[in-house]
Structure formats: C-alpha cells, structure tokens
Amino acid sequence: MLILGLDPSLTCTGWGVVRSEGPRLSHVANGQIKTDGKAPLPDRLHHLHDAIFAVIQAYQPDRAAVEEVFVNKNPQSTLKLAHARGAVLAACGRASVPVAEHATRLVKKAVVGTGAAEKQQVQAMLKVLLPMAKVDGADAADALAVAIADAHLGFLR
C-alpha cells in the first residue's frame, strides 16, 4: 500500500510517499512545494493544489494522511495554514484519494514513541525507519513522519 503523507503550509508544503507492506516500510519519494510569498493568495493556493495533484498522479497513492489543524498564537497564521490545508485536501478529493487526519502528538508517538518528541527526535527516527531516504528538507521530513504514523496506525487497526 502506498501512503502519501502531507505537511501543509502556505510557504512550503512537505510531501512524502512510503510503501507499507504489513509492518515493513520503505521510502518511495518526498519533496517540498514552495509558493511565491509575493503572489496573491488565490494564485498560491492554485499552485499548491496543482502541485499536490501532480504528486498524486505521479505516485498513485492508495491513501493520504495529514496532521490535524493546530491553533497558533497568531490567528492569521492559523488561517493561512487552514487555506493551505484546504488546497491539499481538495487535491486529494479531486483524485478520489481517501485522507486520514492525525493529531500531531499521535504522529510523534507513532514515530518516536512519545507524543512530546522534538523535531530532531522525529528526524533521527526517520533515518532509522527509512535508512535509504534522502529527505528534501524539514517539511518533507514532517510529511514522511505523517505517512509512517498512518502506516503504523493502519497496521494496528
């Protein structure tokens, strides 16, 4: 089963694809999609939507996974995250890819073993779980973590 993990952001959205065969995982691909901060919001969302849709077409995942929305101290940041998340979810919907949503603490717990893990701990575990992967930045690492968590949680269901 191919799982597309997504870490939406208006500035840089991470994505990662893993193959899950029972409890075994393998890296397929990962990347980051950046938008032009000077472009109008609708153009940025359109670019993000189309880029994620292209990833879906290229890898044909069986399902996708995304972290649930968390509320920032800055309401504008939360709104921007929600807009980006909507574009990503719309691309999945357009491609008829089912999407699971997971709390950030659950993703960290599934990957590291504790929901209070730091980003560095998550990235260290990625090297253990996907030793051959060349990760294209922090946002791609977060997306791979979401995909791994979804694989682990799906395996336990």
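Okay, here's what the table says:
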{"quantity": "Those residues of region 109-138 which are over 16 Å from L6 (Cβ atoms), hydrophobic (A, V, I, L, M, F, W, C) and either loosely packed, with under 14 Cβ neighbours inside 10 Å or without any contact (Cβ under 8 Å) to a residue 24 or more places away in the chain (or both), in sequence order", "calculated": "V112, A116, A117, A124, M125, V128, M132"}
{"quantity": "Neighbours by Cβ (under 6 Å, 6+ apart or cross-chain): first from region 1-25, touching a residue at least 40 places away in the same chain (Cβ under 8 Å); second aromatic (F, W, Y) and in a strand (DSSP E or B)", "calculated": "L6/W15"}
{"quantity": "Qualifying residue in region 48-68 (condition: modelled with pLDDT of 90 or more, in a helix (DSSP H, G or I) and touching a Gly at 6+ places or on another chain (Cβ under 8 Å))", "calculated": "yes"}
{"quantity": "Residue within region 54-61 that is closer than 24 Å to K134 by Cβ and aromatic (F, W, Y) present", "calculated": "yes"}
{"quantity": "Output for region 1-16, where each listed residue is over 9 Å from the mean Cα position of the chain (by Cα) and surrounded by 24 or more Cβ atoms within 10 Å (Cβ to Cβ)", "calculated": "I3"}
{"quantity": "The listed residue being in contact (Cβ under 8 Å) with a residue 40 or more places away in the chain and not in a helix (DSSP H, G or I), out of A84, A141, A100, A147", "calculated": "A100"}
{"quantity": "Any hit, region 117-129, residues being under 24 Å from G22 (Cβ atoms) and outside any helix (DSSP H, G or I)", "calculated": "no"}
{"quantity": "Subset tally (residues that are at pLDDT 95 or above and either farther than 20 Å from V128 by Cα or of a type in the set (D, E, K, R) (or both)) for region 12-25", "calculated": "3"}
{"quantity": "Subset of region 26-36 [in contact (Cβ under 8 Å) with a residue 24 or more places away in the chain and either among the aliphatic types (A, V, I, L, M) or under 16 Å from L130 (Cα atoms) (or both)]", "calculated": "S26, H27, V28, A29, N30, G31"}
{"quantity": "Top-ranked residue of region 19-48 - restricted to ones that are surrounded by 14 or more Cβ atoms within 10 Å (Cβ to Cβ) and among the hydrophobic types (A, V, I, L, M, F, W, C), ranked as farthest from A149 (Cα to Cα)", "calculated": "L45"}
{"quantity": "P61 vs. criteria free of Cβ contacts under 8 Å to residues at least 60 places away in the same chain and more than 13 Å from the chain's Cα centre (by Cα)", "calculated": "no"}
{"quantity": "When residues of region 70-104 are limited to those that are β-branched (V, I, T) and surrounded by 15 or more Cβ atoms within 10 Å (Cβ to Cβ), the one farthest from A116 (Cα to Cα)", "calculated": "V97"}
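The values are calculated or read from the model by the stated rules, or taken from the named source; none is laboratory data. Predicted model, so just to flag it, every value in this text is computed and none were measured. Please note: Cβ atoms are built from the backbone with ideal geometry, for glycine as well, and neighbour counts cover all protein chains shown.
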